[in-house]
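Below is one structure, written out as structure tokens; comments come after it.
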Amino acid sequence: MLFAHRKKLELGVVVFELTDACNQACKFCYNHFKGEGVCTVEAPNYRLARRTLKRLLGEARIGSLSLSGGEPMLLPHIHDLVLRGRMAGSNVNVLTNGTLLTDDDIAIFNDLGVGTLQIPMLADSAEVHDSITQLPGSWLRATTAARKVAQTKAGWLTPVLILSRLNYGSIESTMRMYAEMGCSYIMVNRFNIGGLGKVYAEELTLTHDELRSAFRRVDAMAAELGMTIHSGVCTPMCLLDPKEYPHIMFTNCSTDLSSRPLTINYRGDVRFCNHSPRVLGNIYNESLRSIIERSASDGYFDSVPDSCVGCKLWQRCRGGCRAASEQMYGTFDRIDPVMSTTN
Ligand SMILES: C[S@@+](CC[C@H](N)C(=O)[O-])C[C@H]1O[C@@H](n2cnc3c(N)ncnc32)[C@H](O)[C@@H]1O
Ligand code: SF4
Ligand code: SF4
């Protein structure tokens with residue numbers, strides 16, 4: 001028994017997508033199966049999600065397990081899945097749009113020791129937030145639940161801000177709203193193209209100057225409000241130079257499959273990350289170890305985009321988010337598509 005335990009894979013971070021279904025249709029949503037004409041989404045399938053999670057936890061010891069989707073709160077008995085993760089020794093985080101989160105859910109997640117609840121609040125005004133989520137009433141429901149999470153335990157709520165043209169005007173007031181809720185750790189993602197975001201790209205996309213200005217404003221607010229900011233979408237360093245934003249921690253995207261955050265969905269499909277549409281394998285057909293080893297050695301992730309050849313920042317930057325390149329161009333070989341938007 002002990003021997004079998006030792007042989008388990010050790011994974012630092014896994015995003016487990018419990019369902020593809022969602023009650024919102026956020027204009028920026030990267031879920032790769034959304035977009036023009038490809039919208040047949042299966043209803044939440046709790047039994048399959050549970051079976052897949054059991055299989056996954058039987059094969060790997062996972063340091064941090066993020067339950068995502070689609071909208072994870074659409075799953076009945078999501079608490080049992082959290083419990084499974086906790087009993088397997090994982091720190092479990094829940095990524096939710098907050099609109100379906102009840103007082104009972106919050107109390108149970110607290111009892112189960114959920115690490116963080118990550119809730120996007122896209123503006124301090126209902127009008128702006130709801131126009132992005134395309135669900136009337138979503139701002140009121142999300143912010144009400146978020147306040148309860150924040151009041152339950154200091155530092156438990158992680159607000160998420162997705163920067164786009166649609167909320168560019170309200171960065172400061174939205175960050176003040178987070179501070180007023182008592183939050184000091186915030187996730188700030190630039191809009192990363194993919195999924196439904198491809199349909200709304202024109203409405204959402206900021207120019208390079210605007211993007212740099214948005215990050216400068218986030219950085220200044222972080223200093224003023226004493227916040228720690230995590231930028232969760234890797235970005236070409238020739239576009240956003242981390243040195244210019246000292247209060248923001250930037251994600252770097254490694255292509256080492258054994259140490260990077262992998263994404264696995266409720267059907268058992270394994271992907272490079274949540275933004276990538278490409279399935280590396282399925283854990284019902286092949287062991288996770290074999291999927292990782294085979295994918296790491298097939299050369300797919302080794303290419304250097306033409307524009308990055310010789311760049312001294314390559315080892316850290318890796319050309320930005322090339323899962324977005326897969327979504328836009330169908331290949332990992334090209335530089336992040338954010339580089340082809342206007343200055
Ligand atoms: C796909 S959602 C799934 C979980 C849940 N439905 C939610 O919205 O929180 C996971 C996270 O990705 C963020 N996200 C979605 N699309 C994005 C995009 N195109 N660029 C950056 N972040 C994005 C969401 O705001 C959310 O914080
Ligand atoms: S970002 Fe989350 S809430 Fe919004 S459409 Fe995507 S899965 Fe649903
Ligand atoms: S590696 Fe490529 S994307 Fe990154 S800074 Fe260099 S040229 Fe820019």
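Are there any pairs with C-beta distances below 6 angstrom linking a residue in region 126-137 that is under 15 Å from ARG165 (Cα atoms) and touching a residue at least 40 places away in the same chain (Cβ under 8 Å) to a residue that is of a type in the set (A, V, I, L, M, F, W, C) and away from ligand 2 (no atom under 12 Å from the Cβ), with the two at least 6 apart or on different chains, and if so which?
From region 126-137, the pairs are ILE132/LEU166.
Would you mention how many residues in region 278-318 are touching a residue at least 60 places away in the same chain (Cβ under 8 Å), among the small types (Gly, Ala, Ser) and within 16 Å of ligand 3 (Cβ to nearest atom)?
Within region 278-318, residues that are touching a residue at least 60 places away in the same chain (Cβ under 8 Å), among the small types (Gly, Ala, Ser) and within 16 Å of ligand 3 (Cβ to nearest atom) number 0.
Run down GLY268, GLY299 and say which single residue is under 24 Å from the mean Cα position of the chain (by Cα) and farther than 23 Å from ILE193 by Cβ.
Going through GLY268, GLY299 in turn, the sole match is GLY268.
Return the residues of region 302-343 that are among the hydroxyl-bearing types (Ser, Thr, Tyr), part of a loop (DSSP other than H, G, I, E, B) and either under 20 Å from the mean Cα position of the chain (by Cα) or within 16 Å of ligand 2 (Cβ to nearest atom) (or both); say none if nothing qualifies.
Within region 302-343, none qualify.
Quick one: in region 23-37, which of the residues that are hydrophobic (A, V, I, L, M, F, W, C) and surrounded by 21 or more Cβ atoms within 10 Å (Cβ to Cβ) is farthest from ALA49 (Cα to Cα)?
So, considering only residues that are hydrophobic (A, V, I, L, M, F, W, C) and surrounded by 21 or more Cβ atoms within 10 Å (Cβ to Cβ), the one farthest from ALA49 (Cα to Cα) is PHE28.
List the helices (runs of 4 or more DSSP H) that sit entirely inside region 1-114 and contain at least 2 residues that are among the β-branched types (Val, Ile, Thr) and more than 20 Å from the chain's Cα centre (by Cα).
Passing ranges, in order: 103-112.
Can we say GLU210 is at pLDDT 95 or above, within 30 Å of GLU36 (Cα to Cα) and acidic (Asp, Glu)?
yes
Look at region 188-210 and say how many of its residues are within 20 Å of MET237 (Cβ to Cβ), surrounded by fewer than 23 Cβ atoms within 10 Å (Cβ to Cβ) and more than 16 Å from ligand 3 (Cβ to nearest atom).
Selection size over region 188-210: 6.
Any residue at all in region 154-166 that is surrounded by fewer than 17 Cβ atoms within 10 Å (Cβ to Cβ), of a type in the set (A, V, I, L, M, F, W, C) and more than 16 Å from ligand 2 (Cβ to nearest atom)?
yes
Out of region 124-161, which residues are small (Gly, Ala, Ser) and at positive phi?
GLY137, GLY155
When you go through SER213, SER164, SER258, SER184 one by one, which is the residue that is more than 16 Å from ligand 3 (Cβ to nearest atom) and more than 20 Å from the chain's Cα centre (by Cα)?
Just a single option satisfies the conditions, and that option is SER213.
The values are calculated or read from the model by the stated rules, or taken from the named source; none is laboratory data. Keep in mind the model is a prediction, meaning the values are calculated, not measured. Please note: Cβ atoms are built from the backbone with ideal geometry, for glycine as well, and neighbour counts cover all protein chains shown.
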